[in-house]
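In what follows, a single structure is set out as structure tokens and then discussed.
The values are calculated or read from the model by the stated rules, or taken from the named source; none is laboratory data. As the structure is a prediction and not an experimental result, all values here were calculated from the model. Positions of Cβ are backbone-derived with ideal geometry, glycine not excepted, and every protein chain shown enters the neighbour counts. Quick note on the areas: whole protein, heavy atoms, side chains included, nothing else; ligands and nucleic acids left out. Shrake-Rupley method; radii C 1.70, N 1.55, O 1.52, S 1.80 Å.
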Amino acid sequence: MPTVKLYANLRKLAGTRELSITGPTLGAVVNVLVRQNPALDGVVLENGQIRPHVVITVNGHNAVDLDASVTEQDVIAIFPPIAGG
């Protein structure tokens, strides 16, 4: 199962920093994540797409294609929008 790592306020919303979720594609994994953690609904995805300013990486590489295949060894990291000055 791919490992999903959550950062910043996403950890608080999901109540964990890391999960293992089964799915053949990035989109399937993210959708299961949101179904298992309803507090993330509308935070990570919007109308079935990655919300603006949310960054998702697969093995350290930016991922924007929810149809991209993922494997059991992949690490998916999800970062919320971060502002500062």
(request) Only residues that are within 17 Å of Val70 (Cα to Cα) and surrounded by fewer than 13 Cβ atoms within 10 Å (Cβ to Cβ): list them for the stretch 1-20, please. (result) Glu18, Ser20
(request) State all residues of the stretch 74-83 that are loosely packed, with under 13 Cβ neighbours inside 10 Å and either touching a residue at least 12 places away in the same chain (Cβ under 8 Å) or touching an Asp or Glu at 6+ places or on another chain (Cβ under 7 Å) (or both); if no residue qualifies, say none. (result) Pro81, Ile82
(message) Yes or no: the stretch 21-36 includes at least one residue that is loosely packed, with under 13 Cβ neighbours inside 10 Å and over 21 Å from Thr71 (Cα atoms).
(response) no
(message) Can you report the number of residues in the stretch 47-63 which are within 11 Å of the chain's Cα centre (by Cα) and open to solvent by 50 Å² or more (accessible area, probe 1.4 Å)?
(response) 2
(request) Within the stretch 11-62, track down each residue that is touching a helix residue (DSSP H, G or I) at 6+ places or on another chain (Cβ under 6 Å), in contact (Cβ under 8 Å) with a residue 24 or more places away in the chain and over 23 Å from Gln73 (Cα atoms). (result) Leu13, Ala39, Leu40
